[in-house]
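Right, one structure below, let's go through it.
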Amino acid sequence: MVPAGQATDDYSAVFFIEGNQVARQMRASEFGAFLDGYVGLSDLAETDVKAVLVDLSSDLLVRALVFFRIWFDEEGRADSNWSVPIEELARMGAKGPDMGGGAIRLVCRSLCPKPSYASELWDPDMTPGNNHFQLIRKTVSANALKFRHVPPEEENIPVLRAGENELAPDDESRIGADRARLAQLIREQRLRIKTLQSVHRDVLSDVQREHRLELKALRTQVDDLEQKYERQRHSNEQLKQRLAERNQQYLSMQEQGESNGAGKDREDAKAIAELVLLREQLDRKQRELEYRDEKLVALEQEVHELRSREPAENTVMGHLKAESVFLVAYRPGVGHLTLPYEDIETYFSNPTAYAAERCGMNEPAYLQWLAHYENPVCQYCIENEEPCGEPLLRVSQPGDFRPGIDNRCENHQPSK
């Protein structure tokens, strides 16, 4: 019989997580075959998979969890460059939730014993109804992988007899148990806070990336329209110039015709025909230009509507507005800024200008104070020489900063 809690490779599994479901599960030895490239999974081609290494005791209680990511290529084979030592990390994990056998060893992005691997990990969700720890515990209990359950051996519990020394009082045992439960609860709440902070960072990053892509696409459309408009305007100017030249030639020919008689009728007719053709071309180009102008106005209106439209449902911005979520940013001199939905785009388009406005300053003045705040040294310098660099007292409030005074030492203060 294998004692409960003994570490064996036969009691390790890997679960693939999709949302709040275990999409696939396998023993750790089977997962090793995927890493060696012997087996591929076509349904996972070009997919970034969230997975969990589950280390179990022989009585099928969770001892350690490692939440890691792995990429599968276009043939459904595991990334050959993937080299996260999940088994080693599992032995080094911090204390996590109690999943039936005491506090587990936990490794995730927020609790990584080796920070160099943190980017290859992910944080579990601990929200009610979507708790990954409960999902893993339920899956382990189902035992679809048919692990052999070895019940723990019973321990000999001493029995008190009359006249013998008594064990520790029940009150002391209860106090010890309460302390252990409280410590476990504190660890779980700290983990919940860290994972929520991680989710907030991810949401903020998604919002920033979505805005950057949308603004870039809109700017590209506007630039293309402006270039097309400029080319059309230049073409029309050339046509107008040619028409003016032809008109002048026509007038000259008409004058010559009057003086030279009817012998020039054929040439006049040819010039008139060419003039009519040019006028038709000019009219057509003029209509095209008007159409372009109308299209440009319509597109500019569309750009304005895109920037002010309500966010679509089931998007990050949609959820932010629907749930009345406020983003919090930090800028020196202002502190933590609570950004309502209406200010999110303004802030991300120019965070420095936004902070300067909140300080009641213009952007150049705010940047001048920020340079002093981040490096409070004397900035006085003679031409072609390095600044003085004498340490100064930092002016912590932008409104109190005096350029040319607070960023200079006593030796380089302006003369009174």
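Close Cβ contacts (under 6 Å, 6 or more residues apart or on different chains) running from residues in the range 56-82 that are under 15 Å from Ser119 (Cα atoms) and of a type outside the set (A, V, I, L, M, F, W, C) to residues that are in a loop (DSSP other than H, G, I, E, B) and open to solvent by less than 30 Å² (accessible area, probe 1.4 Å) comprise Arg69/Trp122.
Applying the selection to the range 17-39, what residues are more than 30 Å from Gly102 (Cα to Cα) and in contact with a strand residue (DSSP E or B) (Cβ under 8 Å, 6 or more places away or on another chain)? I'd like the intermediate steps shown before the answer.
Filtering the range 17-39 down to residues more than 30 Å from Gly102 (Cα to Cα) leaves 33-39.
Hits for the range 17-39 are Phe34, Leu35, Gly37.
Scanning the range 349-366 for residues that are touching a residue at least 24 places away in the same chain (Cβ under 8 Å) and surrounded by fewer than 15 Cβ atoms within 10 Å (Cβ to Cβ) yields a total of 2.
For the range 100-109, filtered to residues that are in contact (Cβ under 8 Å) with a residue 40 or more places away in the chain and out of contact with any Leu (no Cβ under 7 Å at 6 or more places or on another chain), the residue that is surrounded by the fewest Cβ atoms within 10 Å (Cβ to Cβ) is Ala103. Are any of the residues in the range 23-33 in contact with a Leu (Cβ under 7 Å, 6 or more places away or on another chain) and either outside any helix (DSSP H, G or I) or at pLDDT below 90 (or both)? There is at least one residue in the range 23-33 that is in contact with a Leu (Cβ under 7 Å, 6 or more places away or on another chain) and either outside any helix (DSSP H, G or I) or at pLDDT below 90 (or both). Val14 meets all of the listed conditions (1) at pLDDT 90 or above; (2) open to solvent by 40 Å² or more (accessible area, probe 1.4 Å); (3) closer than 19 Å to Leu145 by Cβ but one, namely (2). Taking the numbered list (1) in contact with a strand residue (DSSP E or B) (Cβ under 8 Å, 6 or more places away or on another chain); (2) over 22 Å from Arg148 (Cα atoms) in turn, Leu53 passes all entries but (2). Listed conditions (1) in a helix (DSSP H, G or I); (2) more than 30 Å from Val328 (Cα to Cα); (3) modelled with pLDDT of 75 or more are all met by His149, apart from (1).
Scan the range 112-123 and tell me whether some residue there is crowded, with 19+ Cβ neighbours inside 10 Å and over 21 Å from Gly32 (Cα atoms). Yes, the range 112-123 contains a residue that is crowded, with 19+ Cβ neighbours inside 10 Å and over 21 Å from Gly32 (Cα atoms).
Being of a type in the set (Val, Ile, Thr), at pLDDT 95 or above, in contact with a helix residue (DSSP H, G or I) (Cβ under 9 Å, 6 or more places away or on another chain) and under 25 Å from Gln184 (Cβ atoms) is the requirement here; does Val140 meet it?
Working: of a type in the set (Val, Ile, Thr): yes; at pLDDT 95 or above: yes; in contact with a helix residue (DSSP H, G or I) (Cβ under 9 Å, 6 or more places away or on another chain): no; under 25 Å from Gln184 (Cβ atoms): yes.
Considered against the rule, which asks whether it is of a type in the set (Val, Ile, Thr), at pLDDT 95 or above, in contact with a helix residue (DSSP H, G or I) (Cβ under 9 Å, 6 or more places away or on another chain) and under 25 Å from Gln184 (Cβ atoms), Val140 comes out as no.
Restrict the check to the range 367-378 and report whether at least one residue is farther than 19 Å from Arg212 by Cβ, in contact with a strand residue (DSSP E or B) (Cβ under 8 Å, 6 or more places away or on another chain), open to solvent by 80 Å² or more (accessible area, probe 1.4 Å) and at pLDDT 80 or above. Looking through the range 367-378, none of the residues is farther than 19 Å from Arg212 by Cβ, in contact with a strand residue (DSSP E or B) (Cβ under 8 Å, 6 or more places away or on another chain), open to solvent by 80 Å² or more (accessible area, probe 1.4 Å) and at pLDDT 80 or above. Could you check, for the range 34-46, whether at least one of its residues is open to solvent by less than 30 Å² (accessible area, probe 1.4 Å), under 24 Å from Arg137 (Cα atoms) and either modelled with pLDDT of 90 or more or of a type in the set (A, V, I, L, M, F, W, C) (or both)? The answer is no, given that none of the residues of the range 34-46 is open to solvent by less than 30 Å² (accessible area, probe 1.4 Å), under 24 Å from Arg137 (Cα atoms) and either modelled with pLDDT of 90 or more or of a type in the set (A, V, I, L, M, F, W, C) (or both).
Taken together, the residues in the range 61-99 that are under 25 Å from the mean Cα position of the chain (by Cα), of a type outside the set (Val, Ile, Thr), surrounded by 21 or more Cβ atoms within 10 Å (Cβ to Cβ) and at pLDDT 95 or above amount to 2.
The values are calculated or read from the model by the stated rules, or taken from the named source; none is laboratory data. For clarity, every value in this text was computed on a predicted model and none was experimentally measured. Here Cβ is always computed from backbone atoms with ideal geometry, including for glycine, and neighbour counts include all displayed protein chains. Surface accessibility is based on the protein's heavy atoms, side chains included, excluding ligands, DNA and RNA. Shrake-Rupley method; radii C 1.70, N 1.55, O 1.52, S 1.80 Å.
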